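Structure first, commentary second.
The numbers here are math on the coordinates, done by the rules we state, and not lab data. Just so we're clear, the structure is a prediction, and the values are computed from it rather than from any experiment. Here the Cβ positions follow ideal geometry from the backbone for every residue, glycine too, while neighbour counts run over all protein chains shown.
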Amino acid sequence: MALAYATTLRNSMLDAITTAAGGSALLKFYDGTRPATGGTVTNLLATLTCNATFAPGAASGVLTLNAITGANASATGTATWFRITTSGGTFVLDGNVGTSGSDLNMTTTSFVSGQPIAVSSFVVTEGNP
């Protein structure tokens with residue numbers, strides 16, 4: 001049986017992401033195989049800028065990021081994973097990208113250089129089994 005956490009602890013773990021990301025964190029999309037945690041990246045497809053206030057405090061084990069500024073893709077490819085870094089490029093977290101059942105779900109994962117990329121919402125849940 002997996003561990004189960006009190007809601008206040010789950011919220012604290014999520015709020016640590018906000019602290020680590022800081023203001024105007026970057027959401028970067030890549031193709032290829034996701035590297036080991038914080039490892040060397042593959043082909044960068046797009047970089048979006050998170051809000052100056054990354055997210056409000058987590059509630060009920062859910063962290064909902066504030067608005068993320070859209071941008072044009074810098075390369076053509078299929079997004080398979082993302083990385084959040086500080087505005088200065090320091091690693092915070094990696095996750096998988098897909099159209100369903102992934103850490104970050106998007107309408108399409110096909111990026112075309114020069115075409116707009118947008119994330120309408122991004123929610124991280126620290127759930128109990």
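Under 5 Å between amide hydrogens, built in the peptide plane, is the criterion, and for Ala58 it picks out Asp15 among residues at least 5 positions away or on other chains. The magnitude of the dipole of the range 6-129, with charges of +1 and -1 set on the Cβ of Lys/Arg and Asp/Glu and taken from the Cα centre, is near 80 debye.
For the chain, the Kirkwood hydrodynamic radius comes to 15.1 Å, computed from all pairs of different C-alpha atoms.
The Cα atoms of the range 19-71 cover 33, 25, 15 Å along the three principal axes, with the biggest extent listed first. Between amide H atoms placed 1.01 Å from N, distances below 5 Å from Thr53 occur with Ser24, all of them 5 or more places distant or on a separate chain. Over the range 46-128, Cα pairs under 8 Å with separation of 6+ residues give a relative contact order of 34 percent. Computed from backbone phi with θ = phi - 60° and the Karplus coefficients 6.51, -1.76 and 1.60, the 3J(HN,Hα) list for the range 31-48 is 9, x, 7, 5, x, 4, 2, x, x, 4, 7, 9, 7, 6, 9, 6, 10, 10 Hz; x is used for glycine and proline. Remark on Trp81: its backbone amide H falls under 5 Å from those of Tyr30, Val97, a criterion applied only to residues 5 or more positions apart or on other chains, H modelled at 1.01 Å from N. As a calculated quantity, the FRET efficiency between Ser110 and Ala2 at R0 = 41 Å, using C-beta atoms, amounts to about 0.70.
Between the Cα long axis of helix 7-21 and the first principal axis of the chain there is an angle of about 40°, rounded to the nearest 10. Coupling constants for the range 96-104 follow from the phi torsions by the Karplus curve (6.51 cos²θ - 1.76 cosθ + 1.60, θ = phi - 60°), and in residue order they are 8, 10, x, 9, 6, x, 10, 5, 9 Hz; glycine and proline get x.
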